[in-house]
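Following: one structure in structure tokens, then a few remarks.
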């Protein structure tokens, strides 16, 4: 009987997650232009920044082709930049009164948070499709094995869930769009540059290597680089990469679930 109750609770939880995520999916379907505009920045990074930095020796981390090295980092960057500003939608929902409806619903607070995070993962998938297509056009050695693509999708989802939940926490704390945008812009660059997205960690000074080792983006990029590229390898191992992303996301979801009701205060 107890196991049945636990299973029922689990089913109810995931139904609630799907309901919240589905509401977010509908917003995305009504605004497809957003996806196109989100593709501009990673495209510029690969076409302009990548071509310039490819002339500098040593940046590829021993892989030979810097564009190959950069592609996975730009995919992770695209997911980060999309997810880190996701919390602003919560501020809009509060101002429009939608958030009040969520909070008086029977849905568990973690389900509300996870549902929004899952919808952010879908946006990450669209970014992945664009960057994979662009990488193929640029002649980057992309690994198209189904198992590798599936693995990349998993890590894109984990990264989107983590950073969108962090974004939601920021929104719960600052509560205004102006402050949120300012803090979001301040946070994205250090997270991005203090990782292995655009250069190997071995080129960093020791103090920055220490910071990078605590940066979740480092582990997302490590896994994506191994999965996305032909002959790619993971420095830390997929288990470590996934474990750090999942554990960090779980902690952030619990924090966001506690803070979420304060948005209406």
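The numbers here are math on the coordinates, done by the rules we state, and not lab data. Keep in mind that this is a model prediction, so the values were computed, not measured. Virtual Cβ from ideal backbone geometry, glycine too; neighbours counted across all protein chains shown.
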Stretched out fully, how many nm does the piece from residue 48 to residue 96 gain, at 0.36 nm a residue minus the Cα gap? 13.3 nm
Here the gain from full extension of residue 176 to residue 234, 0.36 nm per residue of separation minus their alpha-carbon distance, amounts to 16.9 nm
Taking 165, 90, 240 and counting other beta carbon atoms within 10 angstrom, the fewest-first order is 240, 90, 165
Per-residue Cβ neighbour rank within 10 angstrom, fewest leading, 156, 122: 122, 156
A correct fewest-to-most ranking of 132, 219, 236 by other Cβ atoms within 10 Å would be 236, 132, 219
Extension gain, residue 10 back to residue 210 (0.36 nm per residue minus Cα-Cα distance, nm): 68.2 nm
